[in-house]
């Protein structure tokens, strides 16, 4: 690939990961006006409608799925779209966007652990140590730098929900490893989005009936548009196009931009304050992610992509 081609590819990967980092800020702004379930419904129906034409164009007749694929696709829709976003939006309603962007960054570590337990993938000593290092970073963020707060359970429930959202996304990632042996990432993600959006709609029926949509401001409309188009549809497209151009190994490096961009945008746009424990927790989480994903980063990069478009 030419130098110009590499620049375009790296720009796509950067844009995708910055968009995912910005999703924490956009979601924080949206849930101040909309119920979390309503926000999730709007986001993923819009994203689903955006991805359908892309899937039909890119796959050219390969978008059909077999009967045996549906149970896994339903599981993906439940874990990665439905459950993840209930925890994600509700967590951001009461936690700082910066905390969310850092906590969710531990997803690749949890995915590696689950892959070892469920898929019997090998987990070496360095990866096990990486899990503990990353877990230490999560503890630092959740306890605001005071680990003794765990003993008194003096922690923000929003941080717990955001950490659990990273766990549900790991289940999605493991399911993705199974389904992507038969379906492309574009097809599996589009179907999972549609299924998850339908589940969210059913769960949100009471809120949809009571939501005062007339009071929704332009800020929420723009935020939802950003979440659906930039953080979900375009972010996904740019990420996989970047992987296609430069390879999953190089692309995986760009994942570290997500928590960093999320933290920076939280400070710039929401006025959140950077506390001493934030960089400490971030270094531990990202250090643990590096230790866990480096031995098999090619495989991890492709699977992790489907999130981050959920961020």
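No value in this document is a laboratory result; all are computed from the given coordinates. Predicted model, so just to flag it, every value in this text is computed and none were measured. No Cβ is skipped: glycine too gets one built from the backbone with ideal geometry, and neighbour counts run over all protein chains shown.
Could you give the length gained on full extension between residue 67 and residue 283, defined as 0.36 nm per residue of separation minus the Cα-Cα distance, in nm?
Numbers: separation 216, 0.36 × 216 = 77.76 nm, distance 4.40 nm.
Residue separation times 0.36 nm, minus the Cα-Cα distance, leaves 73.4 nm.
Could you tell me the relative contact order of the range 3-308? Use alpha-carbon pairs under 8 Å, at least six residues apart, and round to a whole percent.
Working: 461 pairs, mean separation 128.3, N = 306.
Relative contact order comes out at 42 percent.
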Inset, instruction - Return the distance in nm (one decimal) between the two label points of a simple spin-label model at residue 128 and residue 52, each offset 7 Å from Cα along Cα→Cβ. - result: 4.9 nm
Legend entry - At R0 = 30 Å, FRET efficiency that the Cβ-Cβ distance of residue 209 and residue 32 yields, to 0.05: 0.90
Inset, instruction - Highest first, please rank the peptides 28-39, 231-242, 59-70, 178-189 by the mean number of other Cβ atoms sitting within 10 Å of their residues. - result: 231-242, 28-39, 178-189, 59-70
Inset, instruction - Return the FRET efficiency for the residue pair residue 218, residue 178: r is the Cβ-Cβ distance, R0 is 35 Å, and the value is rounded to the nearest 0.05. - result: 0.25
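Based only on Cα atoms, what mean projected area does the convex hull of the chain have, in nm²?
16.6 nm²
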